[in-house]
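The values are calculated or read from the model by the stated rules, or taken from the named source; none is laboratory data. Predicted model, so just to flag it, every value in this text is computed and none were measured. Note: ideal-geometry Cβ built from the backbone for every residue, glycine included; neighbour counts use all protein chains shown. Heavy atoms of the whole protein, side chains included, go into the accessibility calculation; ligands, DNA and RNA do not. Shrake-Rupley method; radii C 1.70, N 1.55, O 1.52, S 1.80 Å.
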Amino acid sequence: MLRRRHNFKSISADKAGTHCPLYRFWGHVMKIFTGICLFLVGAIIASHLYLAGYFSKPIPPEPAPPTAEIPKQPAPPTPAPVAPPPNLQSLSAGLKANKELKAETEADPIVDRQIRSAQKELKSADIATRVDAIDQLAAYPTKSSEQLLVSTMQTNNNEEIRISAVDALSSVRNPNKITVSALVVAAGANNYELRDAALMTLDIYINREPYGSKRTKMILQNLRGTLKRKQLSSLAREDIADFISEHNG
């Protein structure tokens, strides 16, 4: 029996496809494609390394220019403490008080001359001249002028002169008991203007004093005694009572 001979070499080559033209073409294509891919990957890696500065030399920083040394300045001297300015209001008040005290206690030739001149004018027949003399005594509130004003208030027959003397007594800073008693008597006068002027001067005295002072108590006590006078008019009694009530008497 005859057997058919097979060409195993050609069959195995055909099965492997090594001698197939299409296979060889795709093999070349794959090699080219693989090369292109490898080239692109290498290019990408190289570009990243370049951007990261791997291939460039680091540039050393430029040295800073030398700075000139600034000489130390000596510390400024400490200013001497300045005294606070004086309180002008306190100084003014002190000078005024000293002036008033001097006018009441010390003998001044000019003041004495003015008081003597006013004393002569008080004897004038002209009412205006006597009123000016009273104003002059009020400008120099000494013990001498206080006595002249009290005497004028008690003895003068002219009501205008008496009222002017009562008003002038308000300038006396430290009235004595005689002055206070004379004003309390004037506060009970029937003449409304004289009574009002006396109470006004007594009010000024009380307002200058600290609350509950000895002089304040004396004024209010004398006014209470005046209320007991039977000959006191109802209007005068009412004015004095209001004054006492106003000062918490």
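Peptides 120-128, 37-45, 155-163 ranked from most to least packed by the mean count of surrounding Cβ atoms within 10 Å: 155-163, 120-128, 37-45.
Using the structure shown, select from Lys120/Lys214; Lys120/Lys217; Lys143/Lys230; Lys123/Lys177; Lys120/Lys177; Lys123/Lys230 the pairs with a Cα to Cα distance greater than 32 angstrom. Walk me through the intermediate numbers first.
On the way: Lys120/Lys214 36 Å; Lys120/Lys217 36 Å; Lys143/Lys230 34 Å; Lys123/Lys177 26 Å; Lys120/Lys177 26 Å; Lys123/Lys230 35 Å.
Correct reply: Lys120/Lys214; Lys120/Lys217; Lys143/Lys230; Lys123/Lys230.
Taking every protein chain into account, the accessible area of the range 171-211 amounts to 49 square angstrom per residue (probe 1.4 Å).
With a Förster radius of 25 Å applied to the beta-carbon distance between Asp112 and Thr155, the computed FRET efficiency rounds to 0.65.
All other residues with a Cβ under 13 Å from the Cβ of Glu209 taken together, and with Lys, Arg as +1 and Asp, Glu as -1, what is their net charge?
On the way: positive: Arg173, Arg208, Lys214, Arg215, Lys217; negative: Asp203.
Residues near Glu209 contribute +4 overall.
Estimate the FRET efficiency between His247 and Lys143 by the formula 1/(1 + (r/R0)^6), using the beta-carbon distance for r and 22 Å for R0, to the nearest 0.05. FRET efficiency, His247 to Lys143: 0.25.
In whole percent, how big is the carbon plus sulfur part of the accessible area of the range 148-218, probe 1.4 Å, protein atoms only?
Working: 1700 of 3400 Å².
Exposed carbon and sulfur together represent 50 percent of the surface.
Rounded to the nearest 0.05, the FRET efficiency derived from the C-beta distance between Leu235 and Ser124 at R0 = 35 Å is 0.60.
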